[in-house]
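**Q** Here's a structure for you.
The values are calculated or read from the model by the stated rules, or taken from the named source; none is laboratory data. Quick caveat, the model's predicted, so the values are computed rather than measured. Cβ placement follows ideal geometry from the backbone for every residue including glycine, while neighbour counts extend to all protein chains displayed. Please note that ligands, DNA and RNA were not included when accessible areas were found on the heavy atoms of the full protein model with its side chains. Shrake-Rupley method; radii C 1.70, N 1.55, O 1.52, S 1.80 Å.
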Amino acid sequence: MAAKRNYYEVLGVSRSATEEEVRRAFRRKAMEHHPDRNKSEEAGERFREINEAYQVLSDAERRRRYDRFGHAGAGSAAGGAGRGADDLNDLFGGIGDIFESFFGGVGRARAQPGRDLETTLALSFEEAVFGAKKELGVRRVRLCALCAGSGSEPGHPPAQCANCGGSGRVRRVQRSIFGQFVQEAGCNVCAGMGEVIATPCSRCKGTRKERSEHPIEVDVPAGVESGVRLSLRGQGDAGDYGAPPGDLYVLLRIAPHQHFEREGNDILFDLPLTFPQAALGDAVDVPTLEGSVKVKVPPGTQPGAEFRFKGMGVPRLRGGGRGDYVARARVETPQKLSKEQRRLMEQLRDSFGANGNGAGWFGGKR
């Protein structure tokens, strides 16, 4: 069996410590090692050791005998049990007060924040490229417009709850062998709100809220893509009793354009060319989202050739300019020809020889 430690060492005081110094040391050590607060394996044993030391050193006669004869002179701890129990009651009553100072002042029950909502917003191709201000009609929970969220009919304010005195909390005091414990819970009469509604609002029936459609302006930034989700903070359902509202998430759906495509931050356009234009070259007007531009088609242009205009594409969301506008040559084969066009085409075909260009399949002359 391990030898008992010196009682002065247990409490961390000197042999000349006053009764008040012993008392303060006991309270400090007991709070530190009480098993309800300290979950270490040795906490229980330490707590019993601290209590035993205090029972001896807080009794003048027993302390005198302990100073003279050591543990053998201290006698049974039972004689000091009363003092130890009283001080434990005081100690844990104090712990209850400390707990109250942290949590008792909360008052009303914790209000729940509002729900987040989600909706979809349709955009045109141009709106996605250049940005837009759009108005959404969203059904959401707001504070009642008639009672301003009080739940009471105007002119009949809520009354203070008599059960909790308006704090929203009720205290229950319990005593045990370890002392006095103060337990708090939400008031069951007012559901922790601290007030009761005597005359409910005729509009919201005392619920404090109403669901209706409210217009919301959405600022769509330039350069967004389909599937992007915008977050509008505080535009969701209203919270309870002053709690913050939820957020509104807006999912963007962008309609395709009749003539243009998007590839990253570039805008693509298929430029239709006739065979003579591609073969002989030409200067043609090409549409863009900001008016038309002139494209100089060089002679011998092949299908798929690109004509790129820097900085005329989609703005980059995080800055850094814009993408490009790209016109891609698409040589069209006519499906119907007039007699004159057919005659000319046949002459052109014949001028190229049997394989269309006067050369053999593998580069040799025929």
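**Q** Could you please find all residues in the range 179-228 being open to solvent by less than 50 Å² (accessible area, probe 1.4 Å), of a type in the set (D, E, K, R) and on the phi > 0 side of the Ramachandran plot?
**A** Correct list: Arg208 only.
**Q** Scan the range 215-240 for residues that are assigned to a loop (DSSP other than H, G, I, E, B), under 21 Å from the mean Cα position of the chain (by Cα) and either of a type in the set (S, T, N, Q) or more than 19 Å from Gly323 (Cα to Cα) (or both) and jot them down.
**A** Matches in the range 215-240: Gly227, Arg233, Gly234, Gln235, Gly236, Asp237, Ala238, Gly239, Asp240.
**Q** Hey, could you check the range 29-50 for residues that are charged (D, E, K, R) and closer than 23 Å to His71 by Cα and say which is modelled with the highest pLDDT?
**A** Checking each candidate, the answer is Glu49.
**Q** When the residues of the range 152-168 are filtered to those that are open to solvent by 40 Å² or more (accessible area, probe 1.4 Å) and not in a loop (DSSP other than H, G, I, E, B), which remaining residue is farthest from Ala198 (Cα to Cα)?
**A** For the range 152-168, the residue satisfying everything is Gln160.
**Q** Another question, then. Please verify whether Leu136 is in contact with a strand residue (DSSP E or B) (Cβ under 9 Å, 6 or more places away or on another chain), buried (at least 16 other Cβ atoms within 10 Å of the Cβ) and either over 30 Å from Gly321 (Cα atoms) or modelled with pLDDT of 90 or more (or both), treating the condition exactly as stated.
**A** Working: in contact with a strand residue (DSSP E or B) (Cβ under 9 Å, 6 or more places away or on another chain): yes; buried (at least 16 other Cβ atoms within 10 Å of the Cβ): yes; either over 30 Å from Gly321 (Cα atoms) or modelled with pLDDT of 90 or more (or both): yes.
Yes, satisfied.
**Q** Between a residue in the range 310-324 that is in contact (Cβ under 8 Å) with a residue 12 or more places away in the chain and among the small types (Gly, Ala, Ser) and any residue that is surrounded by fewer than 17 Cβ atoms within 10 Å (Cβ to Cβ) and part of a loop (DSSP other than H, G, I, E, B), which pairs come within a Cβ distance under 7 Å, given they are 6 or more apart or on different chains?
**A** That search, which allows pairs on different chains as well, returns Gly311/Gly321; Gly323/Gly264.
**Q** Still on this structure: Please go through the range 260-294 and give me each residue that is surrounded by fewer than 16 Cβ atoms within 10 Å (Cβ to Cβ) and part of a helix (DSSP H, G or I), ordered by number.
**A** If the condition is that a residue be surrounded by fewer than 16 Cβ atoms within 10 Å (Cβ to Cβ) and part of a helix (DSSP H, G or I), then Phe275, Pro276, Ala279, Leu280 are the ones that fit.
**Q** Which residue pairs have Cβ atoms closer than 7 Å, lie 6 or more positions apart in sequence or on different chains, and pair a first residue in the range 224-238 that is in contact (Cβ under 8 Å) with a residue 24 or more places away in the chain and farther than 16 Å from Ala255 by Cα with a second residue that is surrounded by 14 or more Cβ atoms within 10 Å (Cβ to Cβ) and basic (Lys, Arg)?
**A** Gly236/Arg115; Gly236/Arg140; Asp237/Arg115; Asp237/Arg140; Ala238/Arg142; Ala238/Lys209
**Q** Given the condition modelled with pLDDT of 85 or more and touching a Gly at 6+ places or on another chain (Cβ under 8 Å), answer yes or no: does some residue in the range 89-107 qualify?
**A** Among the residues of the range 89-107, not one is modelled with pLDDT of 85 or more and touching a Gly at 6+ places or on another chain (Cβ under 8 Å), which makes the answer no.
**Q** Is it the case that some residue within the range 320-331 is of a type outside the set (S, T, N, Q), within 30 Å of Glu290 (Cα to Cα) and either open to solvent by 90 Å² or more (accessible area, probe 1.4 Å) or at pLDDT below 90 (or both)?
**A** yes
**Q** Could you check Pro256 against (1) open to solvent by 50 Å² or more (accessible area, probe 1.4 Å); (2) assigned to a strand (DSSP E or B); (3) within 30 Å of Gln302 (Cα to Cα) and say which number it fails?
**A** (2)
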